[in-house]
Amino acid sequence: MADISMLRVERVRPVVPPEGLRALPSVELNKRNEAMLKAAAAGSLGSPMWRARKYAEAREILALSQIADRFRIFEIRMHTDLLAVAELHVPVPCLEGPDRPLQVAPKALVGLKYAEAVLSEAVPGTAFVQVLAPMGVWHANVARGFGQPVCLGPAMPLGIPLREIVILTYGALSMQTVQLDPSDAAGVLNAEAAQYWQVNHDRIPLTRAAFLSAAEG
Amino acid sequence: MNNVHSGYAREVAAEAGWQVKNGAHRRERLPQLVGLARDADAELDRLRLAIIGAGSVGLAIALSAARLQVGGLLLVDGGRYKMASLLTHGILPHEAAAALPKAAHAGRLCKQISPRTRVFAYDGPIQAMAMDALVGFDLVVLATDNVAAEIEAGLRCLRLRTPLVQAAVHGETLVAQVRFYRNADAGGACPACSLNRAEIEMLTTGRELKCDGTGAAPRGARAGAVPTRSTSCLCGLAADLAMIEILKYVLGLGPWAAPGRTSAAASGGAAPAGGTACGTPAGRGGDYVLEYAGYTSKAVVTPLASRASACVCDHAATWLSASPPRPLAACSLSELAEAAGPGGGLDRAWFTVDGMVFALAGVCSCGKRRRLNVFTAPGAAGHERCGACGEPFCAEAFFWRRAVAAEELKEQVNRPLREIGAAGARCVLVAGDDNRAVLFSGGLAGRSGPGAMTAHGS
Ligand SMILES: [Zn+2]
Ligand SMILES: [Zn+2]
């Protein structure tokens, strides 16, 4: 993966089509995204079925990034697994230390990983997304350390599309959907944070803005 | 004694007290089978059977195979006896009470019955075995009600093009069933072909999540936790029916008596033509299901439908087994690719080192990242430590690859495996664009695994 700090992309405000997500198949990729898809596809390996699937999933999230102001893709790879480095405009709660105040970062750099196993089994909800930055995420469903994997649920449906993973991640990080019960194995990766947010439940969700709404700032 | 971690079965040693000097030989009881055109002794001496599931049905099949004094047996089961096992398994009360591991115990019994058979036992699920664990077996028997194990065994047999015989019971209707998956090509059926999406999704419910992204317990680890209700006689019947189908296949009897066939084990065998003289209708690739219905006292044979288009298993991929040109740890992946000749050449090759991941980067406790570019266990700590927090850089899921492309390996593709963290590699899969992959086995299979019976000498 490229050095994260070196990624700079000029911003064009996307326009949400009236049909919303249903418009994805008809969204024509812009030149930058078309080139990114082509470059990634050149290195794509695996069975013809898996290569076709990776291409279709990658195309769809690139199209999503063109209609969703809150979602931008910096890099895509598809040698074996399908991987993407993307930015999500979503409030991310962070705690640098036990005695430090809670801070809310305006966006997250996430790593998306879509492995072939998704075609043949219900893959655990921790296997798809990592918060690459900021560090110190303080969230019940994000592990402290280990590269901060995000738990989207105990097991994702067979063949879940990658665009669904993106939208679920937005819901999880913004705490529009959150699992705070540490006694339930289905999702809590940071029990201390779960307790913190149970006490401070009046602060959640961190935003009520929908995924397709315009990003702040 | 625990052999689960290694991913390979342990060979069962003959117990001194049970060594009978002039023991019986199968020739003393094996009948003059009508139509037999092969050397039955040679075929059975050569035969290597792997049995997945050593419960009521699998144990009976194993004992039957031991009484035929087959060449080799592998028993795979992660379970232990319960007191209720006494009701369906061919075991004694003290064995049930001692909660003996099923595979190890079945292995011990088989070795006592047939000291000349090489017997291997694995006390874990098939999903935890090394990628090459079933290499070298002529036929795999599936005798488990764990759907995840069924899918896994089916997939492994498809890849290795090894025939699979599944024995099952339906206690409530007194039905015993045997399915024969020929696996001659990509067009045949597999155990997963008959499962729908909901059934497959159900396999993974209730898995324990791990923070480090290494996933969870093997899929379906909890599936099959409710014991199947059946009777000892029905389980025994399913086992005996399966064993008769196996005998017919191995000795070329009945529908398998195709002219010009010499050895099922050696030639890989041609399937009998559909609707044969002996009455076993063979579907494409010879797949069929034999069902005995207790209520009507009738046995029916029907062809199995060919591969379901929606099957979650990839039927097209084939894995060839090979020995590495030098000890595996001394080989580079480019060297293995050259030996394998993957479709598309090195540029289009990808590699899987069994049980390991290739970590492009690792992260420490304070969140700093560092390039690693080595093979490691998923989530394992590296040697280097962070200058700020003093903690090691651990491999993290987004930056690791279970299957890694030559392009991502960069210069590491030319370095010996032992220099890039994979000194202990048990086997390496080299795949290419043509659905064909080559599985190179390492030292472990040669020493203690079933592979000892094949490519690695015996
Ligand atoms: Zn199938
Ligand atoms: Zn550090």
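A few points about this structure:
- Comparison of B:390, B:345, B:379 shows that the only residue that is more than 16 Å from ligand 1 (Cβ to nearest atom), small (Gly, Ala, Ser) and surrounded by 14 or more Cβ atoms within 10 Å (Cβ to Cβ) is B:379.
- Residue satisfying all of: in region B:15-40; closer than 25 Å to residue B:112 by Cα and of a type in the set (A, V, I, L, M, F, W, C); modelled with the lowest pLDDT among these: B:18
- Test: residue in region A:187-207 that is closer than 30 Å to residue B:193 by Cβ and within 14 Å of chain B (Cβ to nearest Cβ): no
- Residue in region B:158-178 that is touching a residue at least 40 places away in the same chain (Cβ under 8 Å), at positive phi and surrounded by 24 or more Cβ atoms within 10 Å (Cβ to Cβ) present: no
- Residues that are closer than 22 Å to residue B:425 by Cα, assigned to a loop (DSSP other than H, G, I, E, B) and not small (Gly, Ala, Ser) within region B:117-136 comprise B:123, B:125, B:129, B:131, B:132, B:134, B:135, listed in sequence order.
- Scanning region B:300-313 for residues that are modelled with pLDDT of 90 or more and closer than 11 Å to residue B:186 by Cβ yields a count of 0.
- Flag for residue B:376 being away from ligand 2 (no atom under 16 Å from the Cβ) and farther than 25 Å from residue A:48 by Cβ: yes
- Only one entry in B:357, B:413, B:374, B:353 is farther than 30 Å from residue A:138 by Cα, crowded, with 22+ Cβ neighbours inside 10 Å and touching a helix residue (DSSP H, G or I) at 6+ places or on another chain (Cβ under 9 Å), namely B:353.
- When residues in region A:86-104 are screened for being of a type in the set (A, V, I, L, M, F, W, C) and within 13 Å of chain B (Cβ to nearest Cβ), 3 of them pass.
Yes/no matrix, rows are residues, columns are (1) closer than 23 Å to residue A:50 by Cβ; (2) modelled with pLDDT under 95; (3) within 12 Å of the chain's Cα centre (by Cα):
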position	(1), (2), (3)
A:140	no, yes, no
A:143	no, yes, no
A:147	no, yes, no
A:153	no, yes, no
A:156	yes, yes, no
A:159	yes, yes, no
A:164	yes, no, yes
A:175	no, yes, no
A:178	no, yes, no
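- Test result for residue B:348, closer than 29 Å to residue B:326 by Cα, within 12 Å of chain A (Cβ to nearest Cβ) and not hydrophobic (A, V, I, L, M, F, W, C): yes
- Residue match in region B:64-80 (condition: assigned to a strand (DSSP E or B), within 18 Å of residue B:135 (Cα to Cα), in contact (Cβ under 8 Å) with a residue 60 or more places away in the chain and touching a Leu at 6+ places or on another chain (Cβ under 8 Å)): yes
- Residue-level analysis places residue A:83 outside the set of residues that are in contact (Cβ under 8 Å) with a residue 40 or more places away in the chain, touching a helix residue (DSSP H, G or I) at 6+ places or on another chain (Cβ under 6 Å) and either under 30 Å from residue B:406 (Cα atoms) or within 13 Å of chain B (Cβ to nearest Cβ) (or both).
- Any hit, region B:434-443, residues being under 27 Å from residue B:122 (Cβ atoms) and among the polar types (S, T, N, Q): yes
- Within the option set A:149, A:134, A:154, being at the interface with another protein chain (Cβ under 7 Å from one of its Cβ atoms) and surrounded by fewer than 24 Cβ atoms within 10 Å (Cβ to Cβ) holds for one residue only, A:154.
Yes or no, residue by residue, for (1) within 9 Å of ligand 2 (Cβ to nearest atom); (2) within 12 Å of another protein chain (Cβ to nearest Cβ):
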residue	(1), (2)
B:362	no, yes
B:368	yes, yes
B:384	no, no
B:389	yes, yes
B:395	no, yes
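Rundown of residues vs (1) more than 14 Å from chain B (Cβ to nearest Cβ); (2) within 18 Å of the chain's Cα centre (by Cα); (3) modelled with pLDDT of 90 or more, yes/no style:
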{"site": "A:1", "(1), (2), (3)": "no, yes, no"}
{"site": "A:4", "(1), (2), (3)": "no, yes, no"}
{"site": "A:10", "(1), (2), (3)": "yes, no, no"}
{"site": "A:15", "(1), (2), (3)": "yes, no, no"}
{"site": "A:18", "(1), (2), (3)": "yes, no, no"}
{"site": "A:25", "(1), (2), (3)": "yes, no, yes"}
{"site": "A:59", "(1), (2), (3)": "yes, yes, yes"}
{"site": "A:62", "(1), (2), (3)": "yes, yes, yes"}
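- Listed by position, the strands (runs of 3 or more DSSP E) inside region B:139-206 whose residues that are within 26 Å of residue A:155 (Cβ to Cβ) number at least 3 form an empty set.
- Within region A:187-205, tally of residues that are over 15 Å from residue A:168 (Cα atoms) and in a loop (DSSP other than H, G, I, E, B): 5
The values are calculated or read from the model by the stated rules, or taken from the named source; none is laboratory data. Given the structure is predicted, the values throughout are model-derived calculations rather than measurements. Using ideal geometry, Cβ is built from the backbone for each residue, glycine included, and neighbour counts are taken over all protein chains shown.
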